[in-house]
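A.B. asks: Here it is: the structure, laid out below.
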Ligand code: SF4
């Protein structure tokens, strides 16, 4: 059997940076460190962090003065940051620089008098934070249908994207908006690693009989990957961890493709590779990493 692994699989630089910052903070300030919400949208990674001393707390009101609190890579709104500071905690901000860029872009759009708009999922923590940077004024849309239902813009409208939004969907929505009115100003703020990850995964999917997408259902970029790959390769499975691999997923498959979201730990990817080898033993399994670049 041959296994093709999308080269851009697993933790992105923003997640690795956040993890490094938490571990450095643990070493410098001691246990416990609290993360405001799960640092990574992956249960096993969050459990591992908890064992290391980084505990997840979801409500600002539960923090006590002097505690060490980590803002995760998704960022927070200025209001949430103000409330955190008011609790008297020591803040460590791991907001991904690419998310920071969207926040600043929204501030600029709003202060220049343009109407702010975000293409993204309104309930995603990153988008909740970004709405705050528009002073709560941003309109959020997540589909072409929602774009079609918008009234004509009353003035210049600055449009940004949630960093991990599905690139294909983003371009469909943006093409529609540009045809609808010249008043839309588009700022492509999607994360390049998300786009490369999707390109690598689509390449691997085209070359494979079946696809295994490793990651959590809570992870926006994993689900966007699963949806897109699933449309191209109907024999695609979402694996929430190595333990989810079943013999049926490999039955009659000569080439299996593997892709993983930005919040999927390396151990989960190697766990699935080991699971495939064990399931196919004694047949040799060739593992090849492929990139669209
Ligand atoms: S997916 Fe991109 S924007 Fe999000 S944390 Fe990773 S590098 Fe940053």
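A.B. asks: Within region 208-219, identify whether any single residue is within 14 Å of the ligand (Cβ to nearest atom), out of contact with any strand residue (DSSP E or B) (no Cβ under 8 Å at 6 or more places or on another chain), in a helix (DSSP H, G or I) and in the same structural domain as residue 255 (by TED's automatic domain parsing), and answer yes or no.
C.D. replies: No, region 208-219 contains no residue that is within 14 Å of the ligand (Cβ to nearest atom), out of contact with any strand residue (DSSP E or B) (no Cβ under 8 Å at 6 or more places or on another chain), in a helix (DSSP H, G or I) and in the same structural domain as residue 255 (by TED's automatic domain parsing).
This table checks each residue for (1) within 16 Å of the ligand (Cβ to nearest atom); (2) in a helix (DSSP H, G or I); (3) within 30 Å of residue 279 (Cα to Cα).
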{"site": "4", "(1), (2), (3)": "no, no, yes"}
{"site": "16", "(1), (2), (3)": "yes, yes, no"}
{"site": "26", "(1), (2), (3)": "no, yes, no"}
{"site": "40", "(1), (2), (3)": "yes, no, yes"}
{"site": "45", "(1), (2), (3)": "yes, yes, yes"}
{"site": "55", "(1), (2), (3)": "no, no, no"}
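A.B. asks: Just one of the numbered conditions (1) more than 30 Å from residue 177 (Cβ to Cβ); (2) more than 16 Å from the ligand (Cβ to nearest atom); (3) touching a strand residue (DSSP E or B) at 6+ places or on another chain (Cβ under 6 Å) is not true of residue 65; which one?
C.D. replies: In the conditions (1) more than 30 Å from residue 177 (Cβ to Cβ); (2) more than 16 Å from the ligand (Cβ to nearest atom); (3) touching a strand residue (DSSP E or B) at 6+ places or on another chain (Cβ under 6 Å), residue 65 misses (3) alone.
A.B. asks: If I filter region 94-106 for residues that are away from the ligand (no atom under 16 Å from the Cβ), in contact (Cβ under 8 Å) with a residue 12 or more places away in the chain and not in a loop (DSSP other than H, G, I, E, B), do I get at least one hit?
C.D. replies: No, that holds for no residue.
A.B. asks: Still on this structure, please answer the following. Give me the residue from region 154-175 that is more than 16 Å from the ligand (Cβ to nearest atom) and crowded, with 18+ Cβ neighbours inside 10 Å and, out of that set, farthest from residue 77 (Cα to Cα).
C.D. replies: Once the filter is applied, the top-ranked residue is 173.
A.B. asks: Which members of region 280-291 meet the condition of being in contact with a helix residue (DSSP H, G or I) (Cβ under 7 Å, 6 or more places away or on another chain) and more than 14 Å from residue 2 (Cβ to Cβ)?
C.D. replies: 291
A.B. asks: Continuing with this model, one more query. Please go through region 57-83 and pick out each residue that is within 23 Å of the chain's Cα centre (by Cα), assigned to a helix (DSSP H, G or I) and without any contact (Cβ under 8 Å) to a residue 24 or more places away in the chain.
C.D. replies: Result: 81, single match.
The values are calculated or read from the model by the stated rules, or taken from the named source; none is laboratory data. Please read these numbers as outputs of a predicted model, since none were measured by experiment. Using ideal geometry, Cβ is built from the backbone for each residue, glycine included, and neighbour counts are taken over all protein chains shown.
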